[in-house]
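Peer 1: Handing you a structure now.
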Amino acid sequence: MKDYIVTHTFVSAEARDKYFEMTSGMTPEDIRSMMKNDNASFQMNWHAEKSEMVMYCWWKANHPDNIIETLGDMAGMFDNEIKEMPNVIDVRD
């Protein structure tokens, strides 16, 4: 799988509020299990909750379309800018 950074910009404040409402009772494990299959795998998310209209996510996928397919109906809550990141330097401890 290739590495992708996805900028998810909410299409509206209502979509943003609905997303955070929908995920408020979910654990990271719940989210991970919904966003992982043979073609795409959600890795990490950065957001500032309701104070911003954008989230950034790291995905591994065979193709960018697989990310949208994995998001399913949720993909419509965002404008999704998907960029392949072929050069990864992982310096995490």
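Peer 1: Any residue in the stretch 22-45 that's under 21 Å from residue 63 (Cβ atoms) and at pLDDT below 90: show its pairings with residues that are surrounded by fewer than 13 Cβ atoms within 10 Å (Cβ to Cβ) and among the aliphatic types (A, V, I, L, M) at Cβ separation under 9 Å, as long as the two are six or more apart or on different chains.
Peer 2: 34/26
To keep it simple, each residue is scored yes or no on (1) more than 25 Å from residue 13 (Cβ to Cβ); (2) part of a helix (DSSP H, G or I); (3) among the polar types (S, T, N, Q).
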| residue | (1), (2), (3) |
| --- | --- |
| 26 | no, no, no |
| 32 | yes, yes, no |
| 42 | no, no, no |
| 57 | no, no, no |
| 60 | yes, no, no |
| 65 | yes, yes, no |
| 69 | yes, yes, no |
| 87 | yes, no, yes |
| 91 | yes, no, no |
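Peer 1: Also: What is the one condition in (1) at pLDDT below 90; (2) part of a strand (DSSP E or B) that residue 9 does not satisfy?
Peer 2: So residue 9 meets the others, but not (1).
Peer 1: Ok, one more. Checking residue 14 against (1) at pLDDT 90 or above; (2) surrounded by 12 or more Cβ atoms within 10 Å (Cβ to Cβ); (3) assigned to a helix (DSSP H, G or I), only one condition comes out false. Which one?
Peer 2: Failed condition: (2).
Peer 1: From 7, 27, grab the single residue that is of a type outside the set (A, V, I, L, M) and either on the phi > 0 side of the Ramachandran plot or open to solvent by less than 40 Å² (accessible area, probe 1.4 Å) (or both). Talk me through it step by step, then tell me what you get.
Peer 2: On the way: 27 fails: either on the phi > 0 side of the Ramachandran plot or open to solvent by less than 40 Å² (accessible area, probe 1.4 Å) (or both).
None of the others qualify; the one that does is 7.
Peer 1: Separate question: I'm told residue 48 meets every condition in (1) more than 15 Å from residue 5 (Cα to Cα); (2) modelled with pLDDT of 95 or more; (3) of a type outside the set (Lys, Arg) except one. Can you identify the failing condition by its number?
Peer 2: Going through (1) more than 15 Å from residue 5 (Cα to Cα); (2) modelled with pLDDT of 95 or more; (3) of a type outside the set (Lys, Arg) one by one, residue 48 breaks only (2).
Peer 1: Look at residue 82 and say whether it is open to solvent by 30 Å² or more (accessible area, probe 1.4 Å), part of a strand (DSSP E or B) and within 17 Å of residue 41 (Cβ to Cβ).
Peer 2: On the way: open to solvent by 30 Å² or more (accessible area, probe 1.4 Å): yes; part of a strand (DSSP E or B): yes; within 17 Å of residue 41 (Cβ to Cβ): yes.
Here the answer is yes, as residue 82 does meet what is asked.
Peer 1: A follow-up question, please. Of these, 21, 49, which one is open to solvent by 60 Å² or more (accessible area, probe 1.4 Å) and at positive phi? Talk me through it step by step, then tell me what you get.
Peer 2: On the way: 21 fails: at positive phi.
Selected residue: 49, the only one of 21, 49 that is open to solvent by 60 Å² or more (accessible area, probe 1.4 Å) and at positive phi.
Peer 1: Restricting attention to the stretch 55-73, report how many residues are more than 9 Å from the chain's Cα centre (by Cα), open to solvent by less than 30 Å² (accessible area, probe 1.4 Å) and in contact (Cβ under 8 Å) with a residue 40 or more places away in the chain.
Peer 2: Number of matching residues: 1.
The values are calculated or read from the model by the stated rules, or taken from the named source; none is laboratory data. Every value quoted in this text rests on a predicted model; they were computed, and no experiment measured them. No Cβ is skipped: glycine too gets one built from the backbone with ideal geometry, and neighbour counts run over all protein chains shown. SASA here: full protein model, heavy atoms, side chains in, ligands and nucleic acids out. Shrake-Rupley method; radii C 1.70, N 1.55, O 1.52, S 1.80 Å.
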